[in-house]
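Notes follow once the structure below has been shown.
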Amino acid sequence: MMTETAVVNVQEAPNNNAASNKAHGGAASHGASERPLAWIKINLDYYKTTPGLLKIAELILGIFAMALGSPAYTGGSHFFLFIVTVSFIGTLIWIFIYLLGIREALNYPINWILTELVNTGICTVCYFIAFILQLIVSAAVHPGYSWRGTQIAAGVFGLLNTLVYAFATYLLHIEWKGSRTTQ
């Protein structure tokens with residue numbers, strides 16, 4: 001006669017509810033997996049890096065360009081404000097992507113560096129066209145108009161933001177090339 005032996009491994013489940021109930025007066029606490037936004041992690045360290053500082057600079061220069069360029073009195077100013085506003089919204093979206101750690105939280109097959117490179121490159125080219133157009137139409141206006149100076153200042157802030165976007169595009173291009181060779 002042969003005896004059978006069975007090995008059973010028992011793992012004790014942690015009882016976190018007991019400590020939580022005492023700390024919160026008996027109310028059940030929600031674990032990290034039960035919270036709907038548990039994947040969000042605030043990442044402020046990114047904004048201490050050069051790309052993070054460039055995004056903040058893009059945002060601030062965009063605010064100045066929008067404030068000085070509005071209201072739009074000419075067709076060129078309308079285009080300038082459109083480009084500034086769309087670029088501002090795009091930069092704001094990227095700021096939230098990095099701030100909330102969405103890149104790390106999503107498991108979709110998105111090439112984030114290439115996506116940001118294309119976005120920043122398009123913003124650079126559009127800003128370049130828009131600030132030139134803004135300066136041309138503002139300089140062509142009769143000097144007696146009171147809004148001429150602010151429109152020219154908006155074009156100068158557009159020039160500065162073009163340079164910031166161009167530098168950010170350059171850095172993203174270097175990062176993208178480096179990520180392609182390591183794969």
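The values are calculated or read from the model by the stated rules, or taken from the named source; none is laboratory data. This is a predicted model, so every value here is computed, not measured. No Cβ is skipped: glycine too gets one built from the backbone with ideal geometry, and neighbour counts run over all protein chains shown.
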Scan of region 46-93 for residues that are charged (D, E, K, R) and free of Cβ contacts under 8 Å to residues at least 12 places away in the same chain, ordered by number: Lys48
Any residue in region 124-142 that is surrounded by 19 or more Cβ atoms within 10 Å (Cβ to Cβ), on the phi < 0 side of the Ramachandran plot, touching a helix residue (DSSP H, G or I) at 6+ places or on another chain (Cβ under 7 Å) and among the small types (Gly, Ala, Ser)? yes
Limited to region 146-170, what total is found for residues that are part of a loop (DSSP other than H, G, I, E, B) and in contact (Cβ under 8 Å) with a residue 60 or more places away in the chain? 1
Given the conditions (1) more than 13 Å from the chain's Cα centre (by Cα); (2) surrounded by fewer than 16 Cβ atoms within 10 Å (Cβ to Cβ); (3) among the β-branched types (Val, Ile, Thr); (4) at pLDDT 90 or above, every one holds for Thr3 apart from (4)
Can you say whether Leu117 is part of a helix (DSSP H, G or I) and in contact with a His (Cβ under 8 Å, 6 or more places away or on another chain), as far as the supplied structure shows? yes
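Let's see how each residue does on (1) within 21 Å of the chain's Cα centre (by Cα); (2) within 29 Å of Leu117 (Cα to Cα):
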position	(1), (2)
Val141	no, no
Tyr145	no, no
Gln151	no, no
Gly155	no, yes
Leu163	yes, yes
Thr169	yes, yes
Condition set touching a Ser or Thr at 6+ places or on another chain (Cβ under 9 Å) and under 19 Å from Val125 (Cβ atoms), scope region 148-162, selection surrounded by the fewest Cβ atoms within 10 Å (Cβ to Cβ): answer is Thr162
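Looking at region 87-100 only, could you name the residues that are part of a helix (DSSP H, G or I), out of contact with any Leu (no Cβ under 8 Å at 6 or more places or on another chain), surrounded by 15 or more Cβ atoms within 10 Å (Cβ to Cβ) and of a type outside the set (Phe, Trp, Tyr)? Before you say what the answer is, go through the steps one by one.
Pass one, region 87-100, residues part of a helix (DSSP H, G or I): 87-99.
Those left that are additionally out of contact with any Leu (no Cβ under 8 Å at 6 or more places or on another chain): 87, 89-90, 93-94, 96-98.
Retained after the next criterion (residues that are surrounded by 15 or more Cβ atoms within 10 Å (Cβ to Cβ)): 87, 90, 94, 97-98.
Of everything in region 87-100, those that are part of a helix (DSSP H, G or I), out of contact with any Leu (no Cβ under 8 Å at 6 or more places or on another chain), surrounded by 15 or more Cβ atoms within 10 Å (Cβ to Cβ) and of a type outside the set (Phe, Trp, Tyr) turn out to be Ser87, Gly90, Ile97.
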Tyr73, sole failed condition from (1) assigned to a helix (DSSP H, G or I); (2) more than 10 Å from the chain's Cα centre (by Cα); (3) of a type in the set (Phe, Trp, Tyr); (4) surrounded by 14 or more Cβ atoms within 10 Å (Cβ to Cβ): (1)
Kindly check whether there is at least one residue in region 101-110 that is of a type outside the set (D, E, K, R), part of a helix (DSSP H, G or I) and either under 30 Å from Pro36 (Cα atoms) or modelled with pLDDT of 90 or more (or both). yes
